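The values are calculated or read from the model by the stated rules, or taken from the named source; none is laboratory data. Small disclaimer: the values here were computed from a predicted structure and weren't measured. FYI the Cβ positions are ideal-geometry reconstructions off the backbone, even for glycines, and counts take in every protein chain you see.
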Amino acid sequence: MRRARAFAAVLAAALVLSASFSASWSASGLNAAGLPTFPQRIGGLVLACLDTRDKAKDDLNSIHDERIEVASAAIAHYEGAQGSAVVWWSRAGSAKEAQSQLERMVAKIDRSVGSGTFPYSGHRTFKRAGLTVHSFLGHGQTHYTYARGDEVWWVQAPAALVESVFDAVMKK
């Protein structure tokens, strides 16, 4: 009986420590693997799938038709009655490299607009939390992309949802 109580006390202490470590990872925006902690829910959307590591890197390279040098990547797919949203995240080797990746991507989109070969239009920029955010329209959704430190983020969602998804991501 004493052993059972002692075991229960140790188990309870381990759970409390585990929960506090999880909370600190979430509070910093990164989990133990160094990836952002994506919310399980954003408004009426539910996290349906989270691709990380090699699969996410492969997907990034595939959509860019070139190899993008990233240390890590994640792609969060959200689904709900109002539609779907996708959040793309990557970590570059440095803040300078992340900014360079963002600038190259935006320039490529700008060069391709009107060519009939690229699905984006309506490029505009705005400031949020001290960051320059680029916005595009395409694939029936609104897209926001920005660099923060060594991270590059891309948020795509229906126009009615993009602000709530973007605000949830900006908190990371």
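Brief remarks on what is shown
- Listed by first and then second residue, the pairs with beta-carbon distance under 7 Å, at least 6 apart or on different chains, first residue in region 110-135 and polar (S, T, N, Q), second part of a loop (DSSP other than H, G, I, E, B), are Ser112/Phe118; Ser121/Val113.
- On inspection, Glu163 does not qualify as of a type in the set (Asp, Glu), outside any loop (DSSP other than H, G, I, E, B) and over 23 Å from Gly44 (Cβ atoms).
Listed here are the residues, each with its yes/no results for (1) among the basic types (Lys, Arg); (2) at pLDDT 90 or above; (3) touching a Lys or Arg at 6+ places or on another chain (Cβ under 7 Å).
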position: Leu35; (1), (2), (3): no, no, no
position: Pro39; (1), (2), (3): no, yes, no
position: Asn61; (1), (2), (3): no, no, yes
position: Ile68; (1), (2), (3): no, no, no
position: Ala73; (1), (2), (3): no, no, yes
position: Val87; (1), (2), (3): no, yes, no
position: Val106; (1), (2), (3): no, yes, no
position: Gly114; (1), (2), (3): no, no, no
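- Number of the exception - Asp167 against (1) more than 20 Å from Ile75 (Cβ to Cβ); (2) within 19 Å of the chain's Cα centre (by Cα); (3) free of Cβ contacts under 8 Å to residues at least 12 places away in the same chain: (1)
Okay, residues lined up against (1) assigned to a helix (DSSP H, G or I); (2) within 16 Å of the chain's Cα centre (by Cα):
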{"residue": "Val87", "(1), (2)": "no, yes"}
{"residue": "Arg111", "(1), (2)": "yes, no"}
{"residue": "Ser115", "(1), (2)": "no, no"}
{"residue": "Phe118", "(1), (2)": "no, no"}
{"residue": "Gly122", "(1), (2)": "no, no"}
{"residue": "Thr132", "(1), (2)": "no, no"}
{"residue": "Ala147", "(1), (2)": "no, yes"}
